[in-house]
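Down below is the structure, laid out as structure tokens.
No value in this document is a laboratory result; all are computed from the given coordinates. Small disclaimer: the values here were computed from a predicted structure and weren't measured. With ideal geometry, Cβ positions are generated from the backbone for all residues, glycine too; neighbour counts draw on all protein chains shown.
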Amino acid sequence: MKNHVNEALAPDTSCTCCADLLAAKFDRRRFLIATAGGLAAAALVPSLAFAKYGKFEAMLLSCIDPRFQKPVYKYMEGRKLIGKYSSFVIAGAAIGVVAPAFKDWHKAFWDNLDASIQLHSIEKVIVIDHRDCGAARIAYGDASIADAETETKTHREVLAEFRKQLKERFPKLEAETGLMALNGKLEKLG
């Protein structure tokens, strides 16, 4: 009587590409080396997942307004920062991060900034608010952007609050803050 269990476990040597491998005897030394290597690789995976991914210049905080995507990109390109910064885009830029009207959004930004510090070793945040901002209207009313002087004052105060909160949370980070016009010209505020 044939032993069907042993036949089922016997290597199929008809496969010419794998016959030598399948016919090999169990080698305890190779097994232990392979197991140790596998365990070492598995232990490294969590630390690799949170390893820094290089040193980058900054995180850019800008607005979702489609009119400003290209001007903001050109500004960063002019500073030779393309590929050297992480980006966070939210309605109103700094307004979305500090205005009470958008309080549910604040944590998302600060958590992303923390991740960018850990992953990209950034040392600075570049914040670009813009003129004719719908988020400013939502957060502070139409009067907040009624004329250029009032609009500048509104953004100056928002950006000052952003810098204050940044220093409280991440005292070592620098901040560059500015207000972009519809033509793409940036006025530094703060």
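Going down the list Lys55/Lys103; Lys70/Lys164; Lys70/Lys167; Lys107/Lys167; Lys80/Lys107; Lys103/Lys185, which pairs span over 27 Å between their C-alpha atoms?
Lys55/Lys103; Lys70/Lys164; Lys70/Lys167; Lys80/Lys107; Lys103/Lys185
Identify all aspartates and glutamates with a Cα-Cα distance to Lys124 below 13 Å; exclude those on the same chain that are fewer than 8 residues away in sequence.
Glu57, Asp114, Glu174, Glu176
With a Förster radius of 30 Å, plug the Cβ-Cβ distance of Asp114 and Glu149 into 1/(1 + (r/R0)^6) and report the FRET value to the nearest 0.05.
After rounding to 0.05, the efficiency reads 0.25.
Taking the Cα centre of region 51-160 as origin, sum charge times position over the Cβ atoms of Lys and Arg (+1) and Asp and Glu (-1), and report the length of that vector in debye to the nearest 20.
Roughly 480 debye, rounded to the nearest 20.
Could you tell me which of rounded, prolate or oblate describes region 58-188, using a ≥ b ≥ c as the square roots of the eigenvalues of the alpha-carbon gyration tensor, with rounded for a/c under 1.5 and, failing that, prolate when a/b is larger than b/c and oblate otherwise?
It comes out oblate by the Cα gyration axes.
Using modelled amide H (1.01 Å from N, peptide plane; none on Pro or chain starts), what sits under 5 Å from the amide H of Leu60, excluding residues fewer than 5 places away?
Excluding prolines and chain starts, which carry no amide H, the hits are Ser86, Ser87, Phe88, Ile126.
Which peptide among 59-70, 113-124, 79-90, 142-153 comes first, and what is the full order, when sorted by highest mean count of other Cβ atoms within 10 Å?
Final packing ranking: 59-70, 113-124, 79-90, 142-153.
For region 118-135 and region 70-97, what is the separation of their C-alpha centers, rounded to whole Å?
Between the Cα centre of region 118-135 and that of region 70-97, the gap is 6 Å.
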